[in-house]
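See structure below.
Laboratory data are not the source of any read-out in this text; all were calculated from the coordinates shown. Remember, it's a predicted structure, so these values are computed and weren't measured experimentally. No Cβ is skipped: glycine too gets one built from the backbone with ideal geometry, and neighbour counts run over all protein chains shown.
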Amino acid sequence: MQRRFRGPPTAAIVVAVAVFEVVGTVFASARQPDHRPLDALAFVLLLAGPVSLSLRRRAPLVMLPAAAASVAAYLALGYAWGPVFLSLALAIVLSAAAGKRWQTWTVAGACAAVLVAGAAAGGDEFALIRAFAGTSWLAILVLLGEGVRLRTERVAERRRQHEAREQAARDEYRLTLARDIHDVVAHSLSLINVRASVALHLGEKDPAQFRPALEAIKAASKDSLAEVRQLLGVLREDAPLSPAPPPRLDRIPGLADDARRAGLEVSLTQPEAAAVQQLPDAVQGAAYRIVQEALTNVVRHSGARKAAVVLALQGTAPVGNPGKQLTVTVDDDGAGATGVPEGNGVTGMRERAAAVGGSLQVEPLNLAPLHPGWRVRAVIPVTGPLAGPLPGSEREAQ
């Protein structure tokens with residue numbers, strides 16, 4: 001993680017201010033013979049102010065009073081005027097920038113009161129003007145520090161919001177990966193379970209069933225292991241968080257073949273390949289996963305003998321306008337899921353449809369008393385750009 005810039009190093013500030021105050025005061029003292037000459041105590045007080053700045057991060061509440069005390073002691077002892085005020089000015093700005101508002105305004109107000117009281121006691125009208133100028137500069141310094149504090153807080157807030165958005169994006173992507181893993185594992189394990197059950201049931205009567213069942217199990221496990229390995233690699237912390245290519249609709253016939261090998265009679269209707277290839281990747285990925293999970297549920301839970309998968313492009317509005325949509329419908333003649341609470345699979349299908357701006361409905365068909373049937377229907381808007389017009393003809397794949 002990139003380290004946040006927190007201003008110049010404290011040591012550099014202390015050294016620069018100390019050199020400037022000492023050298024500047026030596027030159028200023030040479031032109032003020034009526035003031036007390038500089039001695040060892042004067043240099044100690046000149047260095048005390050810059051040294052107090054070293055406490056700006058460790059003890060900010062001590063920094064400003066220490067700087068003010070060193071400057072007040074220096075002036076009270078009658079030493080020559082000079083850049084001794086620089087450490088006090090920086091202490092005021094740094095204290096206000098650190099959020100020590102009450103302390104900053106209190107010390108600045110006390111300094112202003114001392115200036116005004118000294119000018120009033122002297123009775124010199126120019127002294128009052130200087131006191132007013134000094135008071136104005138104290139207010140400016142405090143406001144400058146407040147401005148630095150507000151800017152720092154805004155930058156920190158923007159950084160927090162940016163990090164929160166990045167974390168939300170990472171969480172959402174990992175949730176998507178978790179849904180992918182659920183779909184892949186559930187689909188492949190369902191096929192493996194069905195084929196293994198068939199092999200065990202018919203193996204003694206018809207040994208020829210063993211080989212097709214084992215081949216189906218081998219193919220399903222190989223494909224699912226490869227996809228799960230890819231998804232789990234992205235979940236590792238040391239792997240880059242870059243999404244793998246989403247599944248496309250041209251892989252749906254493979255899902256239908258898997259379901260057929262599990263004993264389900266599946267019909268598949270899709271738009272022409274030219275239209276399918278032009279659909280946005282997000283739309284194709286969502287539609288593929290919905291079909292995959294719907295067929296998995298049919299194989300595992302419904303007891304259906306037949307299933308129909310229909311993908312259709314609807315609407316004639318221009319590309320990018322409301323009205324262009326892809327509908328995904330999976331019907332079966334099984335017992336359905338009436339009265340059964342929705343599981344992770346149905347929830348995942350709803351989330352996938354919602355992620356691309358679509359919706360999903362799961363409802364009974366009421367085909368017959370023994371086989372009422374069940375329908376999963378998703379409507380996904382096609383919001384991405386297409387390369388050409390959508391063909392209206394469809395092909396039937398059995």
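Placing dummy labels 7 Å off each Cα toward the beta-carbon, the span from Ala127 to Ala354 is 7.6 nm.
Computed over Cα pairs, the Kirkwood radius of the range 27-88 leads via Stokes-Einstein (1.002 mPa s, 20 °C) to a diffusion coefficient of 180 µm² per second.
Model label sites at Gln277 and Asp39, defined 7 Å from Cα along the beta-carbon direction, differ in position by 9.6 nm.
Extending 7 Å from Cα along the Cβ direction at Ser54 and again at Glu265 yields two label points whose distance is 9.1 nm.
What do you get for Rg/Rh of the range 1-126 when both radii come from the Cα atoms and Rh is the Kirkwood radius? With Rg and the Kirkwood Rh in hand, the quotient comes to 1.02. Annotation: amide H of Ala80 within the under-5 Å range of Arg36, sequence separation 5 or more or interchain, hydrogens built in the peptide plane. Taking 0.36 nm per residue of separation and subtracting the Cα-Cα distance, full extension of the segment from Val15 to Thr106 would add 30.0 nm.
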